[in-house]
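Data first, discussion second: the structure below is written as C-alpha cells.
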Amino acid sequence: MAAGKQWKRLLWLKQPFPDTYTDPSFYKQWEKLKIEHGHLRPHSSYRSVLLDLFQFYHMIINTMLLYIIFAWFYHYKYNPILIAASISSVSLIVANKRVPWKSTIIIIFAMLTLSPVLKSLSKTTSSDSIWTLSAWFTTFYIISISALESKILPTNILLSNVTVLSSRLDTSTQVFCFLLICIQINILLPTMEKYFIKNKLKFLHILCVIATHGTVYYFITKLMGVGITIPLGISSLLLLFGIPHYYIHWESYYYKGHPILQQWDAEKPILD
Amino acid sequence: MDRRTYVYWPAGLLRQCKSADEPLVVIVLKTSSSDPLVIAVIEASKYRPVEKPYSEFGRIYSGNVNSIETAEQWRAEYTTICFDPPKVKMMQFYSLEPISLILQNPFEDFGVETTDNSAIHDGTSVFNIRKKWESRLRENIDHLNLYYQHLEVFYKRYAIYKNKSTLNISITDLKLRMRATSVYRGIRCLAFYGAALIRIVAGFVSYVLNWRVLPLVKLFATAQQIDLRCQQLCYIPVQYLRINKNVKLTDLDLRTDENGSIDENDKSSGFTKRRKSHLVLPKALPCETYPDYIRLYNTLWLIINDVSFGATLGTVLYENRITLAQNISTTLKYLLYELPMQVTLILEQNPLGIKLNDELSRFLSSLFLLIIEFTYTGWIRSCIEPETIRQGITVMSHISAVIGFTFTLALAVDFLWIMTLHISLFYMISVKLYHVHIYVLKSLFYLFYGKKQNVLRRRVDDMYFELDQLLMGTLIFTVLIFLLPTLFSFYLVYTVFRFVDLTVKVLLELSLALINHFPLFALLLRIKDAKRLPGGIKFKVYDDHLLISNNPISFFMTFEPFTNVMKSIQRQMFSVETLKMVSQGSVLNVRRDELYRVLYHNLPRHPIDIDLLWKKLKMVMEQDTI
C-alpha cells in the first residue's frame, strides 16, 4: 500500500509494486467479475451444437450410401439396370429443372464410352490397394466438404473415388450404372434436402433423413450382422449426444476470447 | 618530358659490343612515334656522321654497354631492352595479340562459350582501348619485326658500313631463267585454266548442295563432306594468290570476319611490289598473309593425309572384307532388329514387377512391333545381308583410296542414319504421346482444383466450370493418371535408345570433323619453330636490362574450335537441362549444322566471284611474264 495506485491484475504492466506484492483486494476482484459476467452464457447452446453435429453425421451416412451401392454390385451382384433405372426416374422427377439437360446428356454419353476403359484401368493393381485408396479418398472428401468453401474439389474427389472403385466391378454395365447412381445420389440428395429446408417441408425432410439412416443401418445389419449394428448404433448415439457437452465445456473454459479469462493478459505484451 | 626512354638492342650486336676492344659508335634509328632502335655498331675509326632518321647514340669505350657515353640529344635515363631479331624470310615475327589461326566469327550467336585467354574474341571495344594505350609499344614492335629490312636499307644508303659480303647468289636469276622456259609457261597456262574450271565446277556443286529449298548439306553428311571439299578447292587459288603474289583479295561477304591484320599501318593496296625503294623505310610486315599461309598448307596437308589414310585403310578393309562383312551383318541385325523387338516384348509383359496397364501396353507394343517388322522387311534386311555389306566395303575401300577417308566415313554416317530411321520414328511417336499426355494431365489437374491456366497472363486463375465439364474432366483425369506409368515406361525405354543412337552419331561426326579440320600444321609449327606462332610478348627482367621474347600460342588454343564444339555438345546432351527436357517430353536433338558451323571457320561464306578470280589470275600471269 505504498503507492496510491490500485494494483491491476495485468501482466507486463509496469506497476510501482514489488514483485512479491499481494494485493488484498485480489480475491474480491475475481468474485466481482464472476458475479458480473456469470449470468452470461458465453458458450453456444446445446441445441445448435447438436444440430451441427448431426448434420456432419448425416453427411457421413450419405457417403456410406456409396459403399452400399458398391457392395450391391460387387458382393451381391444385384441387377444393376433395375436399380439404376429406378433411381434415375426418381432423380428425374426431383431435379428436372435444376440440372441442365445438355450436361446430363454429355455426361451420360461420356460415361458410356469410358465405362470399359474404367473397368480395365487398374486390373493389375491388387484389391487391397484399391480399398486403401478408396478409404483415403473418402477421408479427403469428408474433410474437404466440411472445411472448404468450394464444391468443386469434393465433387472431384468423390468422382475419383467412384472411378477407382469401379475398376473392381465385372461388367461395363455395372460400371456405368454404378457411376450414374453415385453421381445422382451425391449430387441430387443434397439438392433435395436444400429444397426441403428452403420450403420448410420439415416432415419430408425428417422422412428423408430417417430413410437414409435406416437404409445404412439396415444394410450394415444385413452385411455384418446385428452384432455389429447395435454397438455401432449405440456408440454413435452416445457420441452424438456426448460431443456437444465436451464442446461446450471446451468453449467455456478454454476458448480464447472469453470475457473472464481474457482478464489475465494485457492486450499487447510489452517486452523490455 | 621525363619519360623513360627505352633503347632496343639486337642480341647479336650486344654480344659483338661486349667482345670488341676498340671504341665503337652506336647508330640508332628513331622515328617520331617510336623509341630508338640500335641499327649498327661501327668502329669509331670508320665512322662518318649519318643523317636523319639515323643518328649517333653514343660511344662505347671498353666493351661495356652500360657505360655508353651518350651524345647530347640522348641524355636521359634509358633502359636497354634486348631482343632477338626475327627472321622475316622464315616468317617469324613478334606480335602483341595472338595470331589468329582461324577466321574469327563476330556474330557468336549459338551460345558457345569462348575461352577467356584469347584477346581476339573480345569485341572491338577492348581492342580499341588496347590500341590506344599500347600504340607506342606497337610501333616499337613493328620496328623490331622489320629489323633486317631496316638494316638492308641502312646498308644501301651507307654502303661503306657494310662489312659482311652478302652472298645473294642469284636465286632470283635462277628463278627468272626458269620462268622463261616454255615448259614452265605451258604448265602455268594449264594451271590457270584448270583453276578457273575447278572454280566453276566446284562452285556449282556447292551451290546445288546448299540450295535453300532442299539443303542437302543439312541432311546428309556425305553432302556436307563434298561441299566442304568443293569450297576448299575454290578457296585454294585465292589463298595462293594472297600469299605468293601479294594480291589483295578481300573476302567479300565473309562467313566470318578476318582478324589477322595486326599491323594497322598496312597500306598495301592492289599490288605491293616486293622490292621496296631504298629511300623509303619499310612500313610493315605482310603479317596478314601468315595465317593464310598456315591455313592453306594445313588444308593441303590434311587433304593429302586424308587420301593416304584412305589408301591404307582401304587396303585393310579390302583384305578383311569377308569377315568384316559377316561381323557387321550380325551386329547390325542384333542391334537394329532383335534388340528393339525383345525390349518391346518384355515391356508388354510387366517387366520388373511394374504393373502396367494391360491393354495400353499391348496396343503400344503391337504398334512398335509392326513398325519394326515393316522396316526390317522393307529395307533393313536387304541392306544388312553379308553379301551387300561385302560389296559395300569393296566399293568404299576403292573410293577411300582415291578420294580420301573422310568420304567413306561420311558414307558410313549416312548409312547408319538411314538404318536407324525406325528407332528415331519410335522415339518421335513416344515423345509426342508423352508430351500430350503430360500437357493434358497438367491442365486437368488444375481443373481438379477448380482453376484454369491463363496462358495470356501466365498464371493460374480460378474459373467456374459447368457440372458436365467438371465430371468429364475428372473422369478423364483419373483415366490418364492410371495410364501414365505405362506410357512413361515405354517413353523411357525409347529415350534410352535414342540417346545411344545420338551418341554414336555424334562420335562419328566428331571424328569426321577432327580429320577434316585438325590443326596439324599449327601444331607442328609450334613444335618446330615457335617464333612463327606469336601469342604475345614476354619480358624477362635482368639486372641491367630487359629481354623481350616471343610467347607462343599454347597447344590448347590451337584446338579451340574443338573444345567449343565439345562444350556445346555436352550442354545439349549430358547436362541437367537434358533431364528436364526428358521429363517434359521435349524432343532430344543435336543441332548438327550449328555445331559444325564452328569448324567451317577457315572458309569464307561464298566462293569468290568467278570474274574476279579470272581477272586476278590473268593479272598475275601477265606480271610474271614481264
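The values are calculated or read from the model by the stated rules, or taken from the named source; none is laboratory data. Keep in mind it's a predicted model, so treat the numbers as computed, not measured. A quick note on method: Cβ atoms are made from the backbone with ideal geometry, for glycine too, and the neighbour counts reach across all protein chains shown. Just so you know, the surface numbers come from the protein's heavy atoms only, side chains and all, with ligands and any DNA or RNA stripped out. Shrake-Rupley method; radii C 1.70, N 1.55, O 1.52, S 1.80 Å.
In terms of accessible area, using a 1.4 Å probe and ignoring ligands and nucleic acids, B:546, A:223 rank largest first as A:223, B:546.
Scan chain A and report its longest stretch carrying no chymotrypsin sites (Phe, Trp or Tyr not before Pro) that are both in a DSSP loop and have at most 15 other Cβ atoms within 10 Å.
A:79-253
Would you mind telling me the share, in percent, of accessible area of chain A contributed by carbon and sulfur at probe 1.4 angstrom? Mind dumping the intermediate values first?
Values: 12150 of 17550 Å².
For chain A, the apolar C and S fraction of the accessible surface comes to 69 percent.
Mean partner shielding of peptide A:158-164, defined as the number of other chain Cβ atoms within 10 Å of each residue Cβ, is 4. A 1.4 Å probe, protein heavy atoms only, puts the accessible area of residue A:192 near 40 Å².
Among the listed pairs B:218/B:333; B:432/B:505; B:89/B:618; B:87/B:540, give every one whose C-alpha distance is greater than 24 Å. Write down the numbers at each step before the final one.
Values: B:218/B:333 28 Å; B:432/B:505 22 Å; B:89/B:618 27 Å; B:87/B:540 21 Å.
Beyond 24 Å: B:218/B:333; B:89/B:618.
Just how much of residue A:191 is accessible, in Å², when a 1.4 Å probe is used and the result is rounded to the nearest 10? Rounded to the nearest 10, that gives 50 Å². Shape of the range B:555-626 from its Cα gyration tensor (a ≥ b ≥ c, root eigenvalues): rounded if a/c is under 1.5, otherwise prolate when a/b > b/c, or oblate? Oblate, because a/c is 1.5 or more while a/b does not exceed b/c. Ranked by solvent-accessible area (1.4 Å probe, protein heavy atoms only, all chains present), the residues A:31, B:51 order from largest to smallest as B:51, A:31. Taking all protein chains as they are arranged and a probe of 1.4 Å, the heavy atoms of residue B:242 leave approximately 20 Å² accessible to solvent. Taking label points 7 Å from Cα along the Cα-to-Cβ direction, residue B:51 and residue B:583 give a separation of 8.4 nm.
Each Lys and Arg adds +1 at its Cβ and each Asp and Glu adds -1 at its Cβ; summed about the Cα centre, the range A:51-245 shows a dipole of about 480 debye. The phi torsions of the range B:605-621, fed into the Karplus equation with coefficients 6.51, -1.76 and 1.60 and a -60° offset, translate into couplings of 5, 10, x, 5, 4, 5, 4, 4, 4, 4, 4, 5, 4, 5, 4, 5, 4 Hz, rounded to whole numbers, with Gly and Pro shown as x. Of the residues B:560, B:594, the one with the largest accessible area comes first in the ranking B:594, B:560, computed with a 1.4 Å probe on protein heavy atoms. In order along the range B:569-580, the phi-based Karplus estimate (6.51 cos²θ - 1.76 cosθ + 1.60, θ = phi - 60°) of 3J(HN,Hα) comes to 5, 4, 5, 6, 10, 10, 10, 4, 4, 4, 4, 4 Hz; Gly and Pro are listed as x.
Give the range of the longest stretch in chain A that excludes all trypsin sites (Lys or Arg not before Pro) found in loop regions by DSSP and having at most 10 other beta-carbon atoms within 10 Å. Mind showing how you got there, number by number?
Values: sites that count: A:5, A:14, A:97, A:200, A:256.
With trypsin sites (Lys or Arg not before Pro) excluded where exposed in loops, chain A gives A:98-199 as its longest stretch.
Rounded to the nearest 500, what is chain A's calculated 222 nm mean residue ellipticity when only DSSP H runs of at least 4 contribute -39500 (n - 2.57) each, over all residues? If you can, show how the numbers build up before the last one.
Working: 9 runs with 187 residues, N = 272.
Value at 222 nm, helices only: -24000 deg cm²/dmol.
Here the spin labels are modelled as points 7 Å beyond Cα on the Cα-Cβ line, and at residue B:554 and residue A:35 they lie 9.6 nm apart. Look at the dipole of the range A:166-222 built from charges on Cβ: of A:181, A:196, A:220, the Cα furthest out on the positive end belongs to A:196. Segment residue A:75..residue A:170, full-extension length gain: 33.1 nm, with 0.36 nm per residue of separation and the alpha-carbon distance subtracted. Legend: mean number of C-beta atoms from other chains within 10 angstrom of residue C-beta atoms, peptide B:441-452, equals 2.
Which FRET efficiency, nearest 0.05, do residue B:323 and residue B:499 yield, Cβ-Cβ r, R0 35 Å? Please report the intermediate quantities before stating the final value.
Numbers: r = 31 Å, r/R0 = 0.87.
According to the calculation, E is roughly 0.70.
For the range A:122-139, backbone phi angles converted through the Karplus equation (6.51, -1.76, 1.60; θ = phi - 60°) give residue-by-residue couplings of 10, 5, 7, 6, 6, 4, 4, 5, 5, 5, 4, 4, 5, 4, 5, 4, 4, 4 Hz, Gly and Pro being listed as x.
Full extension of the segment from residue A:102 to residue A:241, taken as 0.36 nm per residue of separation minus the current Cα-Cα distance, would add 45.6 nm. What quantity of accessible surface, computed with a 1.4 Å probe and excluding non-protein components, is buried in total between chains B and A, in Å² to the nearest 100? Buried surface at the B/A interface: approximately 2200 Å². Less than 5 angstrom separates the built amide H of residue B:550 from those of B:538, all sequence-distant by 5 or more or on a different chain. When +1 charges are put on Lys and Arg Cβ atoms and -1 charges on Asp and Glu Cβ atoms, the dipole computed for the range A:103-210 relative to its Cα centre reaches about 300 debye.
Take each residue of peptide A:149-157, count the partner chain Cβ atoms within 10 Å of its Cβ, and average: the result is 5.
In a DSSP loop and with at most 10 other Cβ atoms within 10 Å, the trypsin sites (Lys or Arg not before Pro) in the range B:186-218 are B:212.
With a cut-off of at most 10 other beta carbons within 10 Å, and DSSP calling the residue loop, which chymotrypsin sites (Phe, Trp or Tyr not before Pro) in the range B:409-503 qualify? Please list them. Please list the in-between numbers first.
Numbers: sites: B:415, B:417, B:426, B:427, B:434, B:439, B:445, B:446, B:448, B:449, B:464, B:465, B:477, B:482, B:488, B:490, B:491, B:494, B:497, B:499; in loops: B:449, B:464, B:465.
Here the sparse-neighbourhood loop sites are B:464.
Solvent-accessible surface of the range A:51-245, averaged per residue with a 1.4 angstrom probe and all protein chains in place: 55 square angstrom.
Interface residues of the range A:105-123, defined as those with an accessible-area decrease of at least 10 Å² between the chain by itself and the complete set of protein chains (probe 1.4 Å), are A:106, A:107, A:110, A:111, A:114, A:117, A:118, A:120, A:121, A:122. A simple spin-label model places the labels of residue B:355 and residue B:452 3.6 nm from each other, with each point 7 Å out along Cα-to-Cβ.
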